[in-house]
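All of the numbers you see were taken from the coordinates with simple rules; none came from a lab. The shown structure was predicted, so the numbers you read here are calculated from the model rather than taken from an experiment. Glycine gets a Cβ as well: all are built from the backbone with ideal geometry, and neighbour counts include every protein chain shown.
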Amino acid sequence: MVFFYKENDPIKRINFLKSLERLSFLLLLSNDYYYSITIIHPITFLNWATALSKNTLTVEKLIKEIEEKRQSIINNKEWLEKIKAAFKNEGFYKWQGIKYFLYEYELHLQNQSKTNRDKMNWHEFIENRNENENEFDYKTIEHIYPQNPRKECWTSRFSNYNSREKNILRHSLGNLLPLSQPKNSTFQNKCFSEKVSGIDSMIGYEYGSYSEIEVSKYNDWTAKKVLERGIKLLDFMEKNWNIIIGDKKQKADFINLNFVISKENINL
């Protein structure tokens, strides 16, 4: 608020918000409050606001300091290793930033489509929580490869993987999809072709969000596709927030899917 009181220039306001958002995303990516405060303590933001209000810090200098802090985090190899370790242990489904990230990717696809039509509402997306299930189980985030894949269409395609590997694939970044409308648990366990075209009163991927439409263009859904889409989403993360994760092999390692490369004899 202090910044907006001090600065009326719309360009500088936008630059400030962009810098702050990029820094905030790094903290969100850390997914650990106690580790985050070792990177940048909350008092830092208070100090910035105080200095700005007392005119001991200029608007231009503040933006520069935010960018310098962000860059110092990115250059910290320990930071990236801790993030990788956390996602390897828990996957991306329980990441507190998963909805924000998937929504940003949705906006990216909308921008590519060159249309102003919104297919998802941010407030509905973050508030639509299934109170009867685990607090992390959202109706608006779909596991493409289901959490309960009992149908033959799924068991046959993932038969080459053990229970641990299947669990990693389910919660992997590339297997998570933001939905334009909530789907019930019955639909979530349907075969991929049914998820794409829809069934009964449930709208399929091909008529859903921009992210759903993109996934609907795959002719099948396998472990290779989970890996492929996961790498694609990390490419977007790198570009959108100016983060360096690495080449395709390093990205596969980041999302803990090296075993897919080995079992499918993929040459990245």
Computed over the Cα atoms, what is the radius of gyration of the chain divided by 2.2 N^0.38 Å, N being its residue count?
-> 1.11
Each residue of the stretch 83-96 in order: what ³J(HN,Hα) in whole Hz does its phi give by Karplus 6.51 cos²θ - 1.76 cosθ + 1.60, θ = phi - 60°, with x for Gly and Pro?
-> 5, 4, 5, 5, 6, 5, 7, 10, x, 9, 5, 9, 5, 5
Residues in the stretch 55-78 reached by a label modelled at Asp9 [backbone nitrogen below 13 Å; 7 Å Cα→Cβ] | 58-64
What ranking, highest mean first, results for peptides 114-121, 239-246 when packing means the other Cβ atoms within 10 Å averaged over each residue?
-> 239-246, 114-121
Report, to two decimal places, the Cα Rg of the stretch 150-268 normalised by 2.2 N^0.38 Å (N = number of residues).
-> 1.10
Contour minus Cα-Cα distance for Leu109 and Glu81 (0.36 nm per residue) = 7.2 nm
Can you tell me the FRET efficiency between Thr155 and Trp122 if r is taken as the Cβ-Cβ distance and R0 is 45 Å, rounded to the nearest 0.05?
-> 0.80
Over the residues of the stretch 211-260, compute the C-alpha Rg and express it relative to 2.2 N^0.38 Å.
-> 1.19
Report, in whole Å, the centroid distance computed from the Cα atoms of the stretch 3-19 and the stretch 55-85.
-> 18
For Ile203 and Ala49, what is the calculated FRET efficiency with R₀ set at 35 Å and r taken between the beta-carbons, to the nearest 0.05?
-> 0.15
Near the amide H of Gly198, under 5 Å away, which other amide H atoms are found, from residues 5 or more places off or on another chain, if H is placed in the peptide plane?
-> Gly204, Tyr205
Quick one: Karplus J couplings for the stretch 151-164, per residue in order, coefficients 6.51, -1.76, 1.60, θ = phi - 60°, nearest Hz, x for Gly and Pro?
-> 5, 4, 4, 9, 4, 5, 7, 10, 5, 7, 10, 7, 4, 5
Quick calc, the chain, dipole around Cα centre from Cβ unit charges on Lys, Arg (+) and Asp, Glu (-), nearest 20 debye, gives 440
Under the Karplus relation 6.51 cos²θ - 1.76 cosθ + 1.60, θ = phi - 60°, what is the ordered set of whole-Hz ³J(HN,Hα) values for the stretch 166-175, x standing for Gly and Pro?
-> 5, 5, 4, 5, 4, 9, 6, 3, x, 9
